[in-house]
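These notes concern the structure reproduced below.
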Amino acid sequence: MAKKDGGRKRGEPVLRDVLRIPGGEPIDLGAYDSRATPAGPTGKAAGLAATAGLGPRLAGLQERLYAASTAGDRRRLLLVLQGMDTSGKGGTVKHVIGLFNPSGCRIHAFKAPTREERNHPFLWRVMRVLPQPGEIGIFDRSHYEDVLIARVRDLAPRREIARRYGQINRFEKSLAEDGVTVVKVFLHLSYEEQRARLLERLDNPDKHWKFNPGDIEERALWPAYRQAYERVLERCSTDAAPWYLVPADRKWYRNWAISKLLLEHLEALDPKYPPGDFDVEESRARLLAS
């Protein structure tokens, strides 16, 4: 068996390198296969087993991250999930975040802005729900909606949207400087797979609650959304907060890839349990005598 280096088998590709979008370069999403499984396990059964196998390591690193915060370590992690409808943002929360202790996670799903939120700069509502030191935050949609749906639906002037890319980059750089590891994942789904998933919801009465007839109208805007995502990936994949493109047609691969990305980032942080600030032996003696 190959030796391991920091939990990774020697010679095993670093998924962060494989899936990272370089940024600053034109992006053509048509060049990326949404059914691909780059650097992944060989097949669904192996993928499910591999994802389950990552669970204990993820949970252990999460505990160390939280424990370190009790001694003043300000570091935390923020997972940002973006993708077309049915790409698996909710499924990721269910299957991947379920590997963590929920008490150490802060999950927020961004909906249409409320009246109060519209009265503030677009990043205001994001700043209010950031993870605290020691926590893992998960955004189901995010501040990127303000350069995605806002662009497609003409909800803001183009000049204002153009300014927002720079604002987002500066905001995410400030997060990194404050100890936030930002992991941004674009779930790359095909047009055909979205149709299949929407039909699945229609064919199963137990999933009708998840179906919105408006999703059919949104499919007509697919080319516009694709262009909006291409611009986001080109302009907002930075050294401080790069984008990762995860092929999402295969749910098992999506779950494995995001779990692996989180593992690699947490291993890079390498949080430590803080030492006790008390006399262990004296406390032991007192406890035994009690």
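The values are calculated or read from the model by the stated rules, or taken from the named source; none is laboratory data. Computed from a predicted model, the values in this text were never measured in an experiment. Cβ: placed from backbone, ideal geometry, glycine included. Neighbour counts: every protein chain shown. Side chains included, ligands, DNA and RNA excluded: accessible areas come from the protein's heavy atoms. Shrake-Rupley method; radii C 1.70, N 1.55, O 1.52, S 1.80 Å.
At a glance:
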read-out: The chain: radius of gyration over Cα atoms, expressed as a fraction of 2.2 N^0.38 Å; value: 1.09
read-out: For the stretch 101-209: rounded, prolate or oblate by the Cα gyration tensor [a/c cutoff 1.5]; value: oblate
read-out: Most mobile listed residue (R115, R151, R57) in the chain, GNM with C-alpha springs under 10 Å; value: R115
read-out: Among A176, N204, F100 the positive-end extreme of the charge dipole of the chain (Cβ point charges); value: N204
read-out: Angle in degrees between helix 44-69 and the longest Cα principal axis of the chain, rounded to the nearest 10; value: 60
read-out: For the stretch 148-252, the Rg and Dmax computed from alpha carbons only, in angstrom; value: 16.7, 48
read-out: Shape call, the stretch 1-142: gyration tensor on alpha carbons, a/c limit 1.5; value: oblate
read-out: Mean separation of Cα contacts under 8 Å, 6 or more apart, over the residue count of the chain: relative contact order %; value: 35
read-out: Computed label-point distance, nm, for sites L29 and K210 using a 7 Å Cα→Cβ extension; value: 2.0
read-out: GNM top mover of R128, R235, R197 - the chain, alpha-carbon springs below 10 Å; value: R128
read-out: Total formal charge among the other residues, if their Cβ is under 12 angstrom from that of W124, Lys/Arg +1 and Asp/Glu -1; value: 0
read-out: Rough spin-label spacing in nm, given labels placed 7 Å along Cα→Cβ, for A67 and A156; value: 4.2
read-out: C-alpha center-to-center spacing [the stretch 81-126, the stretch 169-243] in angstrom; value: 12
read-out: Accessible-area order (highest first, 1.4 angstrom probe) of the listed residues K251, K89; value: K251, K89
read-out: Environment charge of K89, counting only residues whose C-beta is closer than 11 Å and scoring Lys/Arg +1, Asp/Glu -1; value: +1
read-out: Low-density loop positions, chymotrypsin sites (Phe, Trp or Tyr not before Pro), the stretch 177-285 - DSSP coil, at most 12 other Cβ in 10 Å; value: F278
read-out: Qualifying aspartates and glutamates (Cα of each under 17 Å from Cα of K210; at least 8 residues distant if same chain); value: D85, D140, E193, E200, E218
read-out: Separation of the L221 and E116 label points, Cα + 7 Å toward Cβ, nm; value: 2.6
